[in-house]
Structures are given as C-alpha cells and as structure tokens.
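Note sheet for the following structure.
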Amino acid sequence: MGQHVSRTDFEWTKEDEPHAARRTEILKKYPQIKELFGYDRNMKWKVSLLVLIQCYMVTLVAEMKWMYVFLLAYCFGGVINHALMLAIHEIAHNLAFGHARPMANRLFGFFANIPIGIPFSISFKKYHLEHHRYQGDEIFDTDIPTYIEAKLFCNTVGKFCWVILQPFFYALRPVLTYPKPPGWLEFFNVVIQLTYDFLVYYYFGGKALFYLVGGSLLSMGAHPVAGHFISEHYMFRKGYETYSYYGILNCVTFNVGYHNEHHDFPAVPGCNLPKVREIAREYYDALPHHDSWSQVLYDFVMDPDIGPYARIKRKHRDQLTREKNAAEALASRSNGNGVVKSD
C-alpha cells in the first residue's frame, strides 16, 4: 500500500492569512497595480471559441471507437473543459464583464458551463468567494479536505485513489460540510445544463456525452492540468499556505497558476497577473513556487510528508470568539497570584 503519511492532523495556526497584509504593503509601494484591476476584455472571445470547439467535437466522436473517445476526452476535450472551469473561476470574480455587470457574468457562466456537462457555475461562486475571504477557516473554507478524507487516504495507494476521485470530493465536500440553500440561478443553471446534456445524448449518443462529462471528470483527477488543485494550497514548505506555478500550462488555464498573485489581488484578471508579479517581483520571487503540476501530483502521492492533512487551518471565527471570551472570563475571576477565586 506504500508509505503511510507522517502527519496526523492539519497545521493549525492563529495567524491571519497572509494575502490581505501583503496586498496592503504592495499597493503602498506600487499603487500602479490598481491600473490592472478590471476585467479581461478578450475573455468572451476565448470562452466562445472553446465552447464552439466542444460543440463541434461532439459531432465527430459519435462514430469513433470507445478507445479513441476515451483518449480524446483525456488528452483534448478534458483540457478544454478544464480551461472552461477556470474561465468560470474568473467569471465568479466578475472578471469577464466587470463588477458593474454581475448578471452578465452569471449568464456568461451558464454559457461557459455547457460543454462541461455538470452544472456548477453558480454553486462554485458562492463557495469560492468564501475560500478567499476566510482562507483556512475550518468551516467556511470548503477547499480543505475533511478528516474522513485525510484518515482514509493516508498512504501512497490511498493518495493516488484520492487524486483520481478528487472531482467527486471537490463537488460534494461543500454540500456535505457547509450546505447552503440553492437559489433560483442554480436551478436555472441545472435546467440549462441537463437540457443540453439530453440533446447531446439524443442526437449524438452516449459517446458524445461521455466525451464531455467524462473528459471533465478525467481532467480533474490524475491529469497534469489538475495539478493546480493540489499545488495552490497544500503545504509543500512548512509555514507557506499558497503557492504559485509559473509553467506553460498557465496558457490553457487563464493563469490560475499565479495563485499568490491571484489571492493578493482577486480583482485583477488572469491575463494581468503576470504583470503583478513583474511589478512586485521581490515579493513573489521570495516565495516558494512550483514549476511542474505533474511533479506536484507525483510528490503528493509519493512523499509521506504530504497528503490531505498538509493544509494550514484556522479555528472558525465564532469558535475563536468563544475561546477568547472564556479566557477573559477566567482571567477576571483570578486574583493577582493567578489563583481562580471560588464562586
């Protein structure tokens, strides 16, 4: 079964996440970074091209052998669908049409979602923004694995299985650990998606539908582009909770690899994140980063020091408040020698 992971718990800290403080410091030194805020004016064309490619591909795979459909889904369709997932990540930050046009961003998210086959555009937004706002929070940050995941997938083989099953954990973990009532836009997202899936299956068959849905699932598991799920926040270097990646796969993932830059400046679209690094290079070059997402996946599976527990975690804010109040109450009941007075 391979080596057992060395960690038995998450890395707990009482320190605040580093991005807000670094953002303030960088903007004080380089106020011109504010000029990079806004949205990607070319995103609508990029996403439209990717969607049209996938819509055309479903007409081609219907007559192919299953083996070729599988390979095409993994090597080509999955990459495009993963790019669309990360376009939805940008859209969740209103970076397709700007903060002044939130509904345009939401509707465009429906469009980008179509080839992925699984409705998630709206649900992703409401959980992802809390990941930014409460990074590491034991309740609000649903990007962190659960204790069940960490305990079950705790050796080499287990971690490999966890990587393969990652799309299911990524999708189900928020719903199970921090459920939120669905809104009408989520129902609209589901109706549009299931209608499109039905039409693909009705007119082009199961192979075409597998090319879309299967490609999405494959590209979120043991796939090079899926390395960003692990590279972004798993603690490869003690004390560091966010990592950037500066490799070539940023070209097909809307620069999601520039992850420290993204968390520092979530109002900057992916196309401008390399400029943030260029302006404030002394801040980012000093941080540990990754050069290969494939290497990240290999190290995660093979290194016993890394696993689902390798995340920095923080007590939920309400819990911190209760603990602080309890400590203050205890102190108020103590005399000058530190002895607690009897009631």
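The values are calculated or read from the model by the stated rules, or taken from the named source; none is laboratory data. Just so it is clear, the model here is predicted, and its values are computed rather than measured. Counting neighbours? That spans all protein chains shown, and the Cβs are built from the backbone with ideal geometry, glycine included. Note: accessible area is taken over every heavy atom of the protein model, side chains too, but ligands, DNA and RNA are not part of it. Shrake-Rupley method; radii C 1.70, N 1.55, O 1.52, S 1.80 Å.
Details
- Subset of the range 216-241 [open to solvent by less than 10 Å² (accessible area, probe 1.4 Å) and either assigned to a strand (DSSP E or B) or farther than 19 Å from Met302 by Cβ (or both)]: Ser216, Ser219, Val225, His233
- Residue in the range 323-332 that is at pLDDT 60 or above, under 30 Å from Lys28 (Cα atoms) and either in a helix (DSSP H, G or I) or open to solvent by less than 40 Å² (accessible area, probe 1.4 Å) (or both) present: no
- In the condition set (1) over 21 Å from Asp143 (Cα atoms); (2) open to solvent by 10 Å² or more (accessible area, probe 1.4 Å); (3) aromatic (Phe, Trp, Tyr), Phe254 is compliant with all but (1).
Residue by residue, here is whether (1) within 11 Å of Ala208 (Cβ to Cβ); (2) part of a loop (DSSP other than H, G, I, E, B); (3) touching a helix residue (DSSP H, G or I) at 6+ places or on another chain (Cβ under 9 Å); (4) not aliphatic (A, V, I, L, M) holds:
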{"position": "Lys44", "(1), (2), (3), (4)": "no, no, yes, yes"}
{"position": "Gln54", "(1), (2), (3), (4)": "yes, no, yes, yes"}
{"position": "Met67", "(1), (2), (3), (4)": "no, no, no, no"}
{"position": "Tyr74", "(1), (2), (3), (4)": "no, no, yes, yes"}
{"position": "Gly78", "(1), (2), (3), (4)": "no, no, yes, yes"}
{"position": "Ala83", "(1), (2), (3), (4)": "no, no, yes, no"}
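- Residues (farther than 18 Å from Lys238 by Cα, touching a residue at least 40 places away in the same chain (Cβ under 8 Å) and open to solvent by 60 Å² or more (accessible area, probe 1.4 Å)) located in the range 269-289: Lys275
- Any hit, the range 153-163, residues being in contact with a His (Cβ under 9 Å, 6 or more places away or on another chain), of a type in the set (S, T, N, Q) and not in a loop (DSSP other than H, G, I, E, B): yes
- Set side by side, the residues Tyr39, Tyr30, Tyr68 differ, and just one is in contact with a Pro (Cβ under 8 Å, 6 or more places away or on another chain), modelled with pLDDT of 95 or more and of a type in the set (Phe, Trp, Tyr), which is Tyr39.
- Residue match in the range 49-58 (condition: polar (S, T, N, Q), surrounded by fewer than 19 Cβ atoms within 10 Å (Cβ to Cβ), more than 20 Å from the chain's Cα centre (by Cα) and farther than 16 Å from Cys271 by Cβ): no
- Looking at Tyr202, Tyr170, Tyr127, just one residue is exposed (fewer than 15 other Cβ atoms within 10 Å of the Cβ), assigned to a helix (DSSP H, G or I) and either of a type outside the set (Asp, Glu) or free of Cβ contacts under 8 Å to residues at least 60 places away in the same chain (or both), and that residue is Tyr202.
- Scope the range 8-17; condition surrounded by 18 or more Cβ atoms within 10 Å (Cβ to Cβ) and not acidic (Asp, Glu); matching residues: Phe10
- Residues of the range 28-43 classified as open to solvent by less than 70 Å² (accessible area, probe 1.4 Å) and under 25 Å from the mean Cα position of the chain (by Cα), total: 5
- Pair list, Cβ < 8 Å and 6+ apart or interchain, from the range 244-256 residues that are more than 11 Å from Val225 (Cα to Cα) and part of a strand (DSSP E or B) to residues that are among the acidic types (Asp, Glu) and open to solvent by 20 Å² or more (accessible area, probe 1.4 Å): Tyr245/Asp291
- From the list Ala112, Ala87, Ala96, Ala150, the one residue that fits, being of a type in the set (Gly, Ala, Ser) and either surrounded by fewer than 19 Cβ atoms within 10 Å (Cβ to Cβ) or not in a helix (DSSP H, G or I) (or both), is Ala96.
- Taken over the range 85-101, the criterion of being over 17 Å from Phe120 (Cα atoms), of a type in the set (A, V, I, L, M, F, W, C) and free of Cβ contacts under 8 Å to residues at least 40 places away in the same chain is satisfied by Ala100 alone.
- Taking each residue of the range 67-80 that is over 16 Å from Thr253 (Cα atoms) and looking for partners that are basic (Lys, Arg) with beta-carbon atoms closer than 7 Å, six or more apart or interchain, yields Val69/Lys207.
- Output for the range 290-303, where each listed residue is crowded, with 21+ Cβ neighbours inside 10 Å and either in contact with a strand residue (DSSP E or B) (Cβ under 9 Å, 6 or more places away or on another chain) or among the hydroxyl-bearing types (Ser, Thr, Tyr) (or both): His290, Trp293, Val296
- For the range 264-291, a residue qualifies if it is under 20 Å from Arg133 (Cβ atoms) and not in a helix (DSSP H, G or I), and the qualifying residues are Phe265, Pro266, Ala267, Val268, Pro269.
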